[in-house]
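Scroll down for the structure; my scribbles are underneath it.
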Amino acid sequence: MNNTYNNLNRKSIRNRKQLLRKKKKRRRITIISIIVIIIVIFGILKLNNKNNLKLSSESEISFDNDSDNNKEVLISVIGDLTLGTDEKFGHSNSFPEAFDNNNKDYLYFMKNVVKLFENDDYTIGNLETTFTDSKIKEPKGGGVSFNFKGQKDYANILKYSSIEGVTISNNHIYDYGVDGMKDTVSALEDAGIDICGEEYKIVKDIKGIKFGFLGYMGWNISDKLKEKIVNDIRDLRNKGVEVIIPYFHWGSESEHEASKNQVELARFSIDNGADAVIGSHPHVIQTIENYKGKIIAYSMGNFCFGGNFNPEDKRTFILQIKVNLKDKKLNNMEYKIIPTMISSREDKNDYVPTIAKSSKEEILELLNELSPTLNNRWIFYYR
């Protein structure tokens, strides 16, 4: 009987040990599973950050308090600024007539958006005209062509509207030859407007963050152009520039889809160090792409456009970029699209860009339709 009892006791002990081993095994499996889940969740969050698609709010982009280790700057980017006209249009209903009829008020044109620009840290657009008194037009060959110019003092429209910088790399800067281009540069410099493009570069320290803006004409891709882009970006980095944004003039007019050349050149720029890419020329809104977590706005469309009394498509937008620098390194870039119309009137062009109300959803729907990589998110940020 004692033997039987001892056998049962040993068996019971073995069973308890087996149960303990099973419990320990289950505990290890549970712990490992929890660790795996945590790793997966962390990886997903990291991937989302990398892919640039965290939704922000619809309200004005907010700021954390700046400190030595955390700095934030808000940049507004706009499209074509044709602050002038083609003389063959005549004076009636033209941009110059609007200026004259409104007491030659430099603030008239941007009166509905100036507060937005005053509340940011920097605004830049594409100046698609000349400021010159020259009468000698640059020949453009056959077909329909335009030679745009405005008075030299029209540069003050930019100054008083809190538009601090422009690119001049486009197909209209030489509308009145080299002299017209030089007059334009002189007028801009007199008004204190920064210039990029045509060998000019903007290097600007804004609230402790060093920005670089570049301008290019990008219709034809060549090794020479690519080499210039690479060298320009490298030069800016060597000067301590933390955020680099090239502004291209490219694509086909009235086309909402970006061309293969546009896509190749934009992606090439980001692959070689650009932090965002902006485009103009088509005079309509084009695709916005999320490429490797960085934004490409292929065409901003018109903004203040003296080149047409009543364009059929008056849709445009303001792209706001909030840049955050932490411990002297780029931490994140937050983007916001503000739907806008190039005129405050539907029946004509009064040359007064106005934040869209009734057309807001239409503009956002167009952008979402054109921009599948945004996943229907038109407010997002890159970390």
(message) Is it the case, given these coordinates, that PHE213 is in the same structural domain as ASN126 (by TED's automatic domain parsing), touching a strand residue (DSSP E or B) at 6+ places or on another chain (Cβ under 9 Å) and farther than 16 Å from CYS196 by Cα?
(response) no
(request) Specify the residue that is surrounded by the most Cβ atoms within 10 Å (Cβ to Cβ); the eligible residues are those in the stretch 310-327 that are within 23 Å of the chain's Cα centre (by Cα) and charged (D, E, K, R). (result) LYS314
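Has the stretch 268-278 got any residue that is assigned to a strand (DSSP E or B), closer than 20 Å to SER161 by Cβ and at pLDDT 95 or above? So that I can check it myself, show each step before the final result.
Pass one, the stretch 268-278, residues assigned to a strand (DSSP E or B): 277-278.
Pick out the ones that are also closer than 20 Å to SER161 by Cβ and you get 278.
Subsequent filtering for residues that are at pLDDT 95 or above retains 278.
Yes, there is a match, as at least one residue in the stretch 268-278 is assigned to a strand (DSSP E or B), closer than 20 Å to SER161 by Cβ and at pLDDT 95 or above.
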(request) Name the strands (runs of 3 or more DSSP E) wholly inside the stretch 188-240 in which the number of residues that are in contact with a His (Cβ under 8 Å, 6 or more places away or on another chain) is 3 or more. (result) 209-217
(message) Six or more apart or on different chains, Cβ atoms under 7 Å: show the pairs whose first residue is in the stretch 260-286 and in the same structural domain as LYS228 (by TED's automatic domain parsing) and whose second is surrounded by fewer than 24 Cβ atoms within 10 Å (Cβ to Cβ) and among the hydroxyl-bearing types (Ser, Thr, Tyr).
(response) ARG267/TYR291; ILE270/TYR291; PRO282/SER252; PRO282/SER254; HIS283/SER254; VAL284/SER254
(message) Condition first: in contact with a Leu (Cβ under 6 Å, 6 or more places away or on another chain), farther than 20 Å from VAL73 by Cβ and surrounded by 17 or more Cβ atoms within 10 Å (Cβ to Cβ). Can you find one or more residues in the stretch 230-237 that meet it?
(response) yes
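Quickly run through the stretch 125-136 and pick out the residues that are outside any loop (DSSP other than H, G, I, E, B) and touching a Phe, Trp or Tyr at 6+ places or on another chain (Cβ under 9 Å).
At the first step, the residues of the stretch 125-136 found to be outside any loop (DSSP other than H, G, I, E, B) are 125-127, 130-131.
Those that are outside any loop (DSSP other than H, G, I, E, B) and touching a Phe, Trp or Tyr at 6+ places or on another chain (Cβ under 9 Å): GLY125, ASN126, THR130, PHE131.
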(request) Look at GLY150 and say whether it is farther than 22 Å from PHE109 by Cβ, among the small types (Gly, Ala, Ser) and either in the same structural domain as VAL352 (by TED's automatic domain parsing) or modelled with pLDDT under 95 (or both). (result) no
(message) Suppose we filter ILE285, ILE342 for residues that are under 25 Å from TRP250 (Cα atoms), modelled with pLDDT of 90 or more and in contact with a His (Cβ under 9 Å, 6 or more places away or on another chain); which single one remains?
(response) ILE285
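Per-residue answers, yes or no, for (1) assigned to a loop (DSSP other than H, G, I, E, B); (2) free of Cβ contacts under 8 Å to residues at least 40 places away in the same chain; (3) in contact with an Asp or Glu (Cβ under 8 Å, 6 or more places away or on another chain); (4) surrounded by 13 or more Cβ atoms within 10 Å (Cβ to Cβ):
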residue	(1), (2), (3), (4)
LYS104	yes, yes, no, no
TYR108	yes, no, no, yes
PHE117	no, no, no, yes
ASP120	yes, no, no, yes
THR123	no, no, yes, yes
GLU138	yes, no, yes, yes
(message) Every residue in the stretch 280-309 that is under 26 Å from ALA155 (Cβ atoms) and either within 12 Å of the chain's Cα centre (by Cα) or in a loop (DSSP other than H, G, I, E, B) (or both), please.
(response) SER280, HIS281, PRO282, HIS283, ALA297, SER299, MET300, GLY301, GLY306, GLY307, ASN308, PHE309
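The values are calculated or read from the model by the stated rules, or taken from the named source; none is laboratory data. No experiment lies behind these values; they were computed from the predicted model shown. All Cβ positions, even for glycine, are placed from backbone atoms using ideal geometry, and neighbour counts span all protein chains on display.
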